[in-house]
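Comments concern the structure below.
Values in this text are rule-based calculations from the coordinates and carry no lab data. None of these values were measured; they are calculated from a predicted model. Glycine also receives a Cβ, built like all others from the backbone with ideal geometry; neighbour counts cover every protein chain displayed.
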Amino acid sequence: MRVLAAMSGGVDSAVAAARAVEAGHDVTGVHLALARNPQTYRTGARGCCTLEDSRDARRAADVLGIPFYVWDMADRFHDDVVDDFVAEYAAGRTPNPCLRCNEKIKFAAVLDRAVALGFDAVVTGHHARLGADGLLRRSVDAAKDQSYVLAVLTRAQLDRSIFPLGDSTKAEVRAEAARRGLAVADKPDSHDICFIADGDTRGFLAERLGEAPGQVVDALTGAVVGSHSGAYQYTVGQRRGLHLDRPAPDGRPRYVLSITPITNTVTVGPAEALEVSDVRATRPVWTGGPRPAGPVECGVQLRAHGDVVPAAVEVDADGLRASLRRPVRGVAAGQAIVAYRPDPAGDVVLGSATITG
Amino acid sequence: MAYLDHAATTPMLDEALEAYVAVAREVGNASSLHAAGRRARRRVEESRERVAAALGARPSEVIFTGGGTESDNLAVKGVFWARRAARADRVRVVSSAVEHHAVLDAVDWLVEHEGAQAGWLPVDATGRLDPERLRAELTEHGAHVAVVTAMWANNEVGTVQPVTELATVAAEHGVPFHTDAIQAVGQVPVDFAASGVSALTVTGHKLGGPAGVGALLLGRDVAATPLLHGGGQERDVRSGTLDTAGIVAFAVAVESAVKGQQEYAARIAALRDELVERVRQAVPEVIFNGDPADRLPGNAHFSFPGCEGDALLLLLDAQGIACSTGSACSAGVAQPSHVLLAMGADDDRARSSLRFTLGHTSTGADVDALIAALPAAVERARRAAALRTPR
């Protein structure tokens with residue numbers, strides 16, 4: 001196959017490309033330039049969008065002996081990921097930008113362009129399994145598994161995707177990179193949000209959304225217990241940094257229960273008020289088989305690196321509803337709910353949707 | 001492989017490579033006083049004379065440098081600094097909108113860090129400068145102009161500038177005139193003295209010499225403040241141990257390129273014309289950019305409406321055809337060509353451009369290979385571009 005390897009400059013995508021070459025594919029490496037000004041994104045060790053990362057990706061392509069290009073996806077990334085991230089917070093939700101980037105950039109804008117240019121598939125260094133059966137499964141490395149941020153992909157997107165790393169642990173990938181002479185073998189993992197240079201998400205949002213002072217209200221008493229400078233600064237389930245003026249009448253800690261953008265109100269309450277047993281979600285994708293006619297017993301994951309909770313999931317064209325078998329605290333709108341079917345060959349992603357409440 | 005990117009760099013001439021290898025085996029620093037040093041010095045000075053003779057300059061006017069970018073920077077910044085040191089109100093740098101980044105960015109740097117003012121001369125739709133615009137600029141600002149710099153021939157679209165006329169206008173106003181002749185030497189006749197320019201940039205790897213060595217021809221009466229401080233090896237204007245082997249090979253290449261220029265230009269222009277004609281037949285809606293007649297013999301530059309140049313480049317590269325989208329890159333990301341934009345092209349047309357440049361090793365087989373691969377590449381690039389959301 002003629003495949004396009006997305007190369008971030010990190011160790012995973014370099015080894016993924018190497019394995020694609022070894023598998024006999026005709027591989028072309030592409031680094032996605034996502035920053036309008038590369039200097040403003042995270043440097044070297046922590047990100048995926050800097051000049052240093054671009055050079056690392058180029059060097060890895062050199063070592064593999066494959067053509068390499070940089071594709072300018074900065075405008076698309078800014079519109080579809082960064083602006084979306086800000087708008088989601090402004091709407092009182094908690095977005096996952098990595099998931100959005102996969103959905104809109106890597107497996108959409110990049111994949112579509114690749115297909116138009118005559119490529120058959122896109123290869124990435126995500127830690128997830130995608131085998132001949134077309135099912136997306138968790139990586140063998142549970143700690144590095146990225147199936148959650150890939151679960152948003154449709155059947156058509158998965159059919160043109162190759163994830164060569166799913167059967168390897170991160171340690172194995174690093175060892176292989178070293179063995180192959182890839183200089184990125186010991187490059188630290190990227191984490192946090194690549195487009196927030198200093199890791200200060202609140203500051204990043206404040207810069208873009210401005211100050212919007214409002215009230216913090218106790219859910220039990222309805223009393224105003226504090227003030228805030230922008231409801232977007234809060235996430236459901238958050239306990240720290242509430243700066244309440246007075247302690248709750250029951251003397252117990254308060255958590256953010258909900259954010260209401262229309263009234264610019266942050267509602268807080270006791271921990272048990274965070275508990276949710278019924279989750280509704282929109283824009284469902286179902287890739288683990290035909291869309292089920294009735295409820296499906298499965299496990300659901302409600303945030304990146306979150307626990308899996310047994311649930312009965314019902315899905316239709318408009319949405320998805322999950323009845324959790326045990327209540328969960330801190331379910332934030334905007335995050336994805338991903339349904340998994342336990343499987344000895346790796347838990348299978350059945351489908352996903354965006355949590356609305 | 002069909003190598004159609006000779007304007008980026010061209011293979012070394014056999015005679016230059018042989019000269020390089022022979023001299024690189026010898027020891028000797030041209031600044032040393034012993035026999036080995038004297039031998040190196042002799043090679044450097046012979047080379048200086050050869051370069052001077054080939055380009056119509058005096059040997060003392062040849063300053064060897066580390067290549068075109070250094071020569072351009074030395075000319076623009078060095079002459080600016082020297083002229084402003086002589087008179088503090090000479091703060092203006094006049095240049096054209098289509099210069100190479102080695103000049104553009106040097107001018108921008110002076111504006112940002114040295115309080116310089118820039119006067120940018122426009123070009124017409126073929127990329128050509130109008131000497132009357134320079135006259136108007138100098139009539140208005142002449143007393144404050146430190147230096148004028150305009151390229152001999154454009155590296156992207158190949159348009160040859162009216163350098164002699166421009167230099168005459170500058171001379172009338174007593175302002176030093178620098179020209180970046182990197183793309184011109186060996187392609188069109190270049191004579192330093194006859195052109196009337198005060199400074200001229202030439203580099204090795206565009207004419208069959210090695211990369212990393214070039215020269216600034218600098219008139220004896222033109223002062224320039226050094227960029228690099230140290231041993232003052234080159235007329236106290238440029239420091240750094242001389243690259244004897246590189247300089248020898250550079251001089252051999254300059255001499256060969258200039259000696260063979262007429263014959264080369266006739267052969268390559270005919271091949272280029274064939275390429276242009278066949279590209280037009282293969283892709284009828286193509287736009288041929290630059291001056292149709294007064295252009296570098298090896299340059300063919302097109303816009304492919306509805307395509308992105310970088311997609312075309314990828315597709316042609318996969319078919320073994322090497323070409324270029326232009327000269328500018330920012331973090332590896334293709335920017336719309338400032339040259340095309342200055343010629344009045346819109347962003348889409350600028351981004352849809354590809355440059356094919358022929359050189360001394362080019363043959364009809366290179367053109368055949370391009371024509372064989374081009375229609376399918378254009379078709380695919382169009383499909384890819386159609387996906388793009390409007391900016």
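Here are a few things to note about the model shown:
- For the range B:14-259, convex hull volume per residue from C-alpha positions, Å³: 108
- Working note: Karplus 6.51/-1.76/1.60 with θ = phi - 60° gives the range B:29-34 the couplings 9, 4, 8, 7, 8, 7 Hz, where Gly and Pro are set to x.
- Pairs of Cα atoms nearer than 8 Å and 6+ residues apart set the relative contact order; for chain A it is 16 percent.
- Nearest-0.05 FRET efficiency for B:Gln319 and B:Ala53, computed from C-beta distance (R0 51 Å): 0.75
- Dipole in debye (nearest 20) - the range A:2-186, about Cα centre, beta carbon charges: Lys, Arg +1; Asp, Glu -1: 200
- J(HN,Hα) series, the range A:8-21, from Karplus relation 6.51 cos²θ - 1.76 cosθ + 1.60, nearest Hz, glycine and proline x: 7, x, x, 6, 5, 5, 5, 5, 4, 5, 4, 5, 5, 4
- Cα centroid separation - the range B:59-82 against the range A:8-32, whole Å: 43
- Annotation: the antiparallel percentage among DSSP beta bridges lying fully within the range B:14-259 is about 45.
- Most mobile of B:His229, B:His34, B:His205 in a GNM of chain B (Cα contacts under 10 Å): B:His34
- A:Arg329/A:Thr221 FRET efficiency (R0 25 Å; Cβ-Cβ; nearest 0.05): 0.75
- Classified by the C-alpha gyration tensor, the range A:2-186 has a rounded form. Its axis ratio a/c, with a ≥ b ≥ c, is below 1.5.
- CD proxy at 222 nm, helix term only [per DSSP H run n ≥ 4: -39500 (n - 2.57); per residue of the protein assembly as shown; nearest 500]: -9500 deg cm²/dmol
- Reference-scaled alpha-carbon Rg (2.2 N^0.38 Å with N residues) for the range A:199-357: 1.18
- Among beta bridges identified by DSSP and lying wholly in the protein assembly as shown, the antiparallel ones come to about 65 percent.
- Rounded if a/c under 1.5, otherwise prolate or oblate - the protein assembly as shown, Cα gyration tensor axes: prolate
- Isotropic mean projected area of the C-alpha convex hull, the range B:85-188 (nm²): 6.4
- Cα gyration tensor category, rounded, prolate or oblate, for the range B:66-124 with a/c compared to 1.5: oblate
- Placing R0 at 35 angstrom, the Cβ-Cβ distance between B:Thr225 and B:Ala136 gives a FRET efficiency of 0.75 after rounding to 0.05.
- Look at the alpha carbon pairs under 8 Å that are at least 6 residues apart: their mean separation over the length of chain B gives a relative contact order of 23 percent.
- Summing charges over neighbours of B:Arg278, with a neighbour being any other residue whose Cβ is under 14 Å away from its Cβ, gives -3 when K and R count +1 and D and E count -1.
- Spatial separation of Cα centroids for the range B:270-324 and the range A:158-217, in angstrom: 41
- For B:308-319, mean number of other protein chain Cβ atoms within 10 Å: 3
- Summed residue charge, Cβ within 11 Å of A:Asn96's Cβ, Lys/Arg positive, Asp/Glu negative: 0
- Restricting the calculation to Cα atoms, chain A yields a radius of gyration followed by a Dmax of 21.4, 68 Å.
- Net charge over other residues, Cβ less than 15 angstrom from the Cβ of B:Ala153 (K, R count +1; D, E count -1): -3
- Most fluctuating residue given options A:Thr221, A:Thr28, A:Thr282, as computed from a GNM of chain A linking Cα atoms under 10 Å: A:Thr221
- For the range A:165-265, the set of trypsin sites (Lys or Arg not before Pro) satisfying both a DSSP loop assignment and a count of at most 10 other C-beta atoms within 10 Å is given as A:Arg240.
- Here A:Lys144 is the anchor, and the lysines within straight C-alpha reach of less than 29 Å, apart from those fewer than 8 places off in the same chain, are A:Lys104, A:Lys106, A:Lys170, A:Lys187.
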